[in-house]
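The values are calculated or read from the model by the stated rules, or taken from the named source; none is laboratory data. Values in this document were obtained by computation on a predicted structure and should not be read as measured data. Note that each Cβ is placed from the backbone with ideal geometry, even for glycine, and that neighbours are counted across all protein chains shown.
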Amino acid sequence: MRHALVLFSALLVTAPLLAQRGGAPPERVRLWAGDAPGAMGQQDEDIPTLDLYLVPPERAVGTAVVVCPGGGYRALAIDHEGEQIARWWNSLGVSAFVLKYRLGPKYHHPVELGDAQRALRWVRSRAGQYGFQSDRIGIMGFSAGGHLASSAATLFDKGQAAAEDPLDRLSSRPDFAVLAYPVISMTTEYVHQGSKRKLLGDNPDPALAAHLSTELQVTPETPPVFLFHTNEDTAVPAENSILFYLALRRAKIPAELHIYERGPHGVGLAWSDAVLSSWPSRLADWMRISGLLASR
């Protein structure tokens with residue numbers, strides 16, 4: 001009975017999001033007006049884009065987030081790790097931008113990271129236009145998208161003041177990061193081999209693999225991070241999140257880690273699980289104590 005009541009409560013929370021699905025599609029924008037750097041064609045797979053899920057000014061809290069769906073760097077789970085996530089952010093008053101980044105095996109690093117950095121710069125350049133703060137722009141990623149988000153959170157730059165493209169003058173550093181069952185390590189026994197191959201190729205340089213093992217790239221400049229994983233995840237072991245969290249602790253970066261005992265990989269919002277579906281509430285709590293849901 002208690003299980004049923006908890007599940008019913010979770011459905012009450014997510015019902016408004018379900019009702020929004022199937023409405024008008026979001027506006028989609030290209031990250032570059034012409035061909036993206038390194039483009040190997042002009043098909044849809046060669047064109048990185050953002051889907052815009054904007055919050056009306058009267059409900060906006062002044063925060064935005066770029067969402068990176070997972071898929072092993074070979075596909076994108078746009079539905080349950082993209083659109084559904086964006087609608088959930090909108091319910092909190094946060095504008096969301098779902099990134100369609102380029103994928104392996106056609107594209108390898110640094111193309112994917114370049115797409116994520118461009119997305120952060122693009123969103124930052126529109127802060128005034130869309131009603132959020134330029135210093136309250138985060139990145140969120142799931143699975144391989146979590147690796148991309150963690151890469152953006154650790155391998156950012158401050159922009160190039162003399163760049164010809166105005167967007168390249170802006171910082172690519174996210175102001176916070178949210179990592180859901182992320183791929184992190186590219187060097188330990190916990191690596192997700194499929195993501196590694198699609199991102200780096202079959203025989204990557206060990207130095208490059210270490211560079212993309214993002215727990216090794218955390219510094220005092222890394223932004224605050226929220227992490228979520230499950231103990232039963234056999235595709236991407238929870239040690240990935242643990243390694244990253246420990247690196248954040250060593251660098252004294254504000255961070256919160258939740259590891260649920262049960263639940264498979266790739267659950268998204270986990271609507272059908274009465275316990276696991278509580279993780280978005282933990283994230284919302286963390287956003288509140290971080291001051292990211294307070295209007296200013």
Considering residues that are over 17 Å from the mean Cα position of the chain (by Cα) and crowded, with 22+ Cβ neighbours inside 10 Å, the number found within the range 114-153 is 1
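Collect the residues in the range 237-251 that are part of a loop (DSSP other than H, G, I, E, B) and either under 23 Å from residue 289 (Cα atoms) or in contact with a helix residue (DSSP H, G or I) (Cβ under 8 Å, 6 or more places away or on another chain) (or both), keeping them in residue-number order.
Scanning the range 237-251 gives a single hit, 251.
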query: Quick check: is even one residue across the range 191-199 among the hydroxyl-bearing types (Ser, Thr, Tyr), assigned to a loop (DSSP other than H, G, I, E, B), touching a helix residue (DSSP H, G or I) at 6+ places or on another chain (Cβ under 8 Å) and crowded, with 19+ Cβ neighbours inside 10 Å?
result: no
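When the residues of the range 111-132 are narrowed to those that are assigned to a loop (DSSP other than H, G, I, E, B) and in contact (Cβ under 8 Å) with a residue 12 or more places away in the chain, which ends up nearest to residue 176 (Cα to Cα)? Don't jump to the end; show me each part of the working.
So in the range 111-132, the residues assigned to a loop (DSSP other than H, G, I, E, B) come out as 126, 131-132.
Right, trim to in contact (Cβ under 8 Å) with a residue 12 or more places away in the chain and you get 131-132.
Numbers: 131: 18, 132: 14 Å.
Looking at residues that are assigned to a loop (DSSP other than H, G, I, E, B) and in contact (Cβ under 8 Å) with a residue 12 or more places away in the chain, I get 132.
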The correct count of residues that are of a type outside the set (A, V, I, L, M) and within 20 Å of the chain's Cα centre (by Cα) in the range 47-63 is 6
Of the listed residues (232, 256), the one being charged (D, E, K, R), touching a Lys or Arg at 6+ places or on another chain (Cβ under 8 Å) and under 19 Å from residue 65 (Cβ atoms) is 256
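Being farther than 10 Å from residue 116 by Cβ and in a helix (DSSP H, G or I) is the filter here; which residues of the range 151-169 pass it? Write out each step before concluding.
Start the filter on the range 151-169 by keeping residues that are farther than 10 Å from residue 116 by Cβ, which leaves 154, 157-169.
154, 166, 167, 168, 169, listed by residue number.
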So is residue 282 at pLDDT 95 or above, assigned to a helix (DSSP H, G or I), within 19 Å of residue 80 (Cβ to Cβ) and of a type in the set (Lys, Arg) or not?
yes
Across the range 279-296, the tally of residues that are out of contact with any His (no Cβ under 9 Å at 6 or more places or on another chain), under 22 Å from residue 264 (Cα atoms) and either basic (Lys, Arg) or surrounded by fewer than 12 Cβ atoms within 10 Å (Cβ to Cβ) (or both) stands at 1
